[in-house]
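Colleague: Take a look at this one; I'll ask things after.
The values are calculated or read from the model by the stated rules, or taken from the named source; none is laboratory data. Source: prediction; values computed, not measured. Quick reminder, even Gly has a Cβ in these numbers, built from the backbone with ideal geometry, and neighbours come from all protein chains shown.
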Amino acid sequence: MSTAAHNANHSNGSSVNESPKYKGKVLPLEYTSHEGPLNILGFWLFLATDLILFGCLFATYFVIRTHVDGGINDKELFDNISGFTTETVILLTSSFTSSLAIFAMRNNNKKRLIGWLIVTVLLGLSFVGLELREFIDYASQGYTMQRSAFLSGFFTLVGTHGAHVSLGIIWMISTITQIARYGIDSITARKTFIVSLYWHFLDIVWVFIFSVVYMTGVIS
């Protein structure tokens, strides 16, 4: 959004000190602008389509996970439990810090809001870095997605999630920049709330990847 457009919307939007109500209840700031509820609803619909995408990737992985073409299988590939466990702890921690950011936003604490978002970004970068190192390690051993259907399904599923996390990091950095520039208003609150929803969604998807892909491979 351009500076002029944002300033125009800001002047027409609700300030954090106002307390708009609906049926006697105070509305969260992100719902106080005219387009806020519609944008949030639209994003929930987007998450539903993204859920279908990951559902298809999970289903495909299940079908082809045993098709190793005489190569490495999931039990042998996932022998380094500490690696993907660390990734899981980092991403779940980032979900918690993202929630703390929303809490700070609800309390109109700009400094803490930006601080917790920055922590979330740093944790996200750590997760992506570990995942890239994992992929590079597999590739250096000859375990590439061209080697077998199992590896193709694994890299596609986990890589798609990693690409989503990378997009979320860029999106969050953009949101931090806007909060630093415009403060907390109905527009930046809506953007922060939506990117937080997106981040929690990715955390949930990763929990399934951890449980269904990695842990199933370990105990198979």
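Colleague: Output the residues belonging to the range 76-118 that are among the charged types (D, E, K, R) and within 20 Å of Ser174 (Cβ to Cβ). Let's see the steps before the verdict.
Modeller: Initial filter on the range 76-118 (among the charged types (D, E, K, R)): 76, 79, 87, 106, 110-112.
Those that are among the charged types (D, E, K, R) and within 20 Å of Ser174 (Cβ to Cβ): Lys110, Lys111, Arg112.
Colleague: Identify all residues within the range 35-83 that are of a type in the set (Gly, Ala, Ser), in contact with a helix residue (DSSP H, G or I) (Cβ under 7 Å, 6 or more places away or on another chain) and more than 29 Å from Ile136 (Cβ to Cβ); write none if there are none. Let's see the steps before the verdict.
Modeller: Initially, the range 35-83 is screened for residues of a type in the set (Gly, Ala, Ser), giving 36, 42, 48, 55, 59, 70-71, 82-83.
Retained after the next criterion (residues that are in contact with a helix residue (DSSP H, G or I) (Cβ under 7 Å, 6 or more places away or on another chain)): 36, 83.
Scanning the range 35-83 gives a single hit, Gly36.
Colleague: Next question, about the same structure. Suppose the filter is in a loop (DSSP other than H, G, I, E, B), modelled with pLDDT under 90, touching a Pro at 6+ places or on another chain (Cβ under 7 Å) and under 29 Å from Ile194 (Cα atoms); does Ser33 pass it?
Modeller: On the way: in a loop (DSSP other than H, G, I, E, B): yes; modelled with pLDDT under 90: yes; touching a Pro at 6+ places or on another chain (Cβ under 7 Å): no; under 29 Å from Ile194 (Cα atoms): yes.
The answer is no for Ser33.
Colleague: Restricting the search to the range 166-220, which residues are more than 14 Å from the chain's Cα centre (by Cα) and either closer than 26 Å to Ile81 by Cβ or acidic (Asp, Glu) (or both)?
Modeller: Asp185, Phe210, Ser211, Val212, Val213, Tyr214, Met215, Thr216, Gly217, Val218, Ile219, Ser220
Colleague: What pairs come up if the first residue lies in the range 154-181 and is more than 27 Å from Val68 (Cα to Cα), the second is part of a helix (DSSP H, G or I) and among the polar types (S, T, N, Q), and their beta carbons are under 8 Å apart, counting only those six or more places apart or on different chains?
Modeller: Qualifying pairs under 8 Å: Met172/Thr120; Thr175/Thr188; Thr175/Thr192; Gln178/Thr188; Ile179/Thr188; Ile179/Thr192.
Colleague: Would you be able to tell me the number of residues in the range 168-184 that are in contact with a helix residue (DSSP H, G or I) (Cβ under 7 Å, 6 or more places away or on another chain) and under 14 Å from Trp199 (Cβ atoms)?
Modeller: If we filter the range 168-184 for residues that are in contact with a helix residue (DSSP H, G or I) (Cβ under 7 Å, 6 or more places away or on another chain), which is where we start, we get 168-169, 171-173, 175-176, 178-180, 182-184.
Next, only the ones that are under 14 Å from Trp199 (Cβ atoms) stay: 168-169, 171-173, 175-176.
Total meeting the criteria: 7.
Colleague: Could you list, in sequence order, the residues of the range 60-72 that are farther than 15 Å from Val158 by Cβ and surrounded by fewer than 16 Cβ atoms within 10 Å (Cβ to Cβ)? So that I can check it myself, show each step before the final result.
Modeller: As a first pass, look at the range 60-72 and keep what is farther than 15 Å from Val158 by Cβ: 63, 66-72.
Listed by number, the residues that qualify are Val63, Thr66, His67, Asp69, Gly70, Gly71.
Colleague: Oh, and also: Scanning for something modelled with pLDDT under 95, at negative phi and surrounded by fewer than 19 Cβ atoms within 10 Å (Cβ to Cβ), does the range 196-203 turn up at least one residue? Walk me through how you get there before you give the answer.
Modeller: In the first step, residues of the range 196-203 are kept if they are modelled with pLDDT under 95; the result is none.
Checking the range 196-203: not a single residue is modelled with pLDDT under 95, at negative phi and surrounded by fewer than 19 Cβ atoms within 10 Å (Cβ to Cβ).
Colleague: Restricting attention to the range 125-133, does a residue exist that is in contact with a Leu (Cβ under 7 Å, 6 or more places away or on another chain) and among the β-branched types (Val, Ile, Thr)? Walk me through it before giving the result.
Modeller: Quick first cut of the range 125-133, residues in contact with a Leu (Cβ under 7 Å, 6 or more places away or on another chain) only: 127.
Keeping just the survivors that are among the β-branched types (Val, Ile, Thr) gives none.
Within the range 125-133, not a single residue is in contact with a Leu (Cβ under 7 Å, 6 or more places away or on another chain) and among the β-branched types (Val, Ile, Thr).
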